[in-house]
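S.K.: Quick one: the structure is below, and I'll ask about it shortly.
The values are calculated or read from the model by the stated rules, or taken from the named source; none is laboratory data. Everything numeric here is computed off the predicted structure, so don't read it as measured data. As a convention, Cβ positions derive from the backbone with ideal geometry for all residues, glycine included, and neighbour counts pool all protein chains shown.
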Amino acid sequence: MHLKRIIGIDPGSRLMGIGVIDSDGRYNKHIYSDTLRLDGSNPIPERLGIIFTEVKRIIEQYSPDEFAIENVFMAKNAASALKLGQARGAAICAAVTSKLDVFEYSPKEIKQSVVGKGAADKQQVQHMVKVLLNLQGRLQADAADAMAVALCHAHAGALKARLQGK
């Protein structure tokens, strides 16, 4: 499998994790990670515009080959689920308008891929992301989750290539 640059997104309407890695399916390298912090007092349309603009800017800056994002999970209430879905949509639109294929993974798939168990907690995910990407120091939770999404996609692509005999 050749080297791919993957952008991973941990969606949120107030905090959105963004991570970019290079991976050949076996070796992974951290390129960029951050948490997009959105003012919760701003109207949701304004936040969605910021999400679209910032994700698009990062895509243009780092030129990923593929885009991976976490699926919506069941939120505590309908309003939270709707805002989360809209935030995902804004990020996905940034990817699609940049001509990137979009890959979606459930929280359980991501945790299973990175930690080895689908019920892993945030600290376990952060620890394994640091190990897999050879990172030192403190890692912000949303950025770690975004890199976990990218790592999950890298692992899924490597598995698919092996199963196809490539």
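S.K.: Any residue at all in segment 37-47 that is surrounded by fewer than 19 Cβ atoms within 10 Å (Cβ to Cβ), touching a helix residue (DSSP H, G or I) at 6+ places or on another chain (Cβ under 7 Å) and not charged (D, E, K, R)?
M.R.: Yes: one or more hits.
S.K.: Here's a follow-up. Can you tell me how many residues within segment 111-132 are at pLDDT below 90 and either touching a strand residue (DSSP E or B) at 6+ places or on another chain (Cβ under 7 Å) or of a type in the set (D, E, K, R) (or both)?
M.R.: The total comes to 3.
S.K.: Does at least one position in segment 57-68 carry a residue that is outside any strand (DSSP E or B), at pLDDT 95 or above, touching a Ser or Thr at 6+ places or on another chain (Cβ under 8 Å) and under 30 Å from residue 134 (Cβ atoms)?
M.R.: Yes, because at least one residue in segment 57-68 is outside any strand (DSSP E or B), at pLDDT 95 or above, touching a Ser or Thr at 6+ places or on another chain (Cβ under 8 Å) and under 30 Å from residue 134 (Cβ atoms).
S.K.: Here is a follow-up. I need a count of the residues in segment 16-26 that are part of a strand (DSSP E or B), of a type outside the set (Val, Ile, Thr) and either buried (at least 22 other Cβ atoms within 10 Å of the Cβ) or at pLDDT below 95 (or both).
M.R.: 4
S.K.: Report yes if some residue within segment 100-107 is aliphatic (A, V, I, L, M), in a loop (DSSP other than H, G, I, E, B) and surrounded by 16 or more Cβ atoms within 10 Å (Cβ to Cβ); otherwise report no.
M.R.: yes
S.K.: Quick one: residue 29 ticks every box in (1) closer than 19 Å to residue 140 by Cα; (2) surrounded by 16 or more Cβ atoms within 10 Å (Cβ to Cβ); (3) touching a residue at least 24 places away in the same chain (Cβ under 8 Å) except a single one, so which number is it?
M.R.: (2)
S.K.: Failed condition for residue 110, given (1) surrounded by 13 or more Cβ atoms within 10 Å (Cβ to Cβ); (2) among the aliphatic types (A, V, I, L, M); (3) without any contact (Cβ under 8 Å) to a residue 24 or more places away in the chain; (4) outside any strand (DSSP E or B), with all others met?
M.R.: For residue 110, the failing item is (3).
S.K.: Considering only residues that are at pLDDT 90 or above and small (Gly, Ala, Ser), which ones fall in segment 133-149?
M.R.: 141, 143, 144, 146, 148
S.K.: Continuing with the same structure: Does residue 76 satisfy being at positive phi and in a loop (DSSP other than H, G, I, E, B)?
M.R.: So residue 76 does not fit the description; no.
S.K.: Name every residue in segment 90-99 that is exposed (fewer than 15 other Cβ atoms within 10 Å of the Cβ), part of a loop (DSSP other than H, G, I, E, B) and in contact (Cβ under 8 Å) with a residue 12 or more places away in the chain, in order of residue number.
M.R.: none
S.K.: Can you report the number of residues in segment 59-89 which are under 18 Å from residue 6 (Cα atoms), touching a Pro at 6+ places or on another chain (Cβ under 9 Å) and surrounded by 20 or more Cβ atoms within 10 Å (Cβ to Cβ)?
M.R.: So the count comes out to 3.
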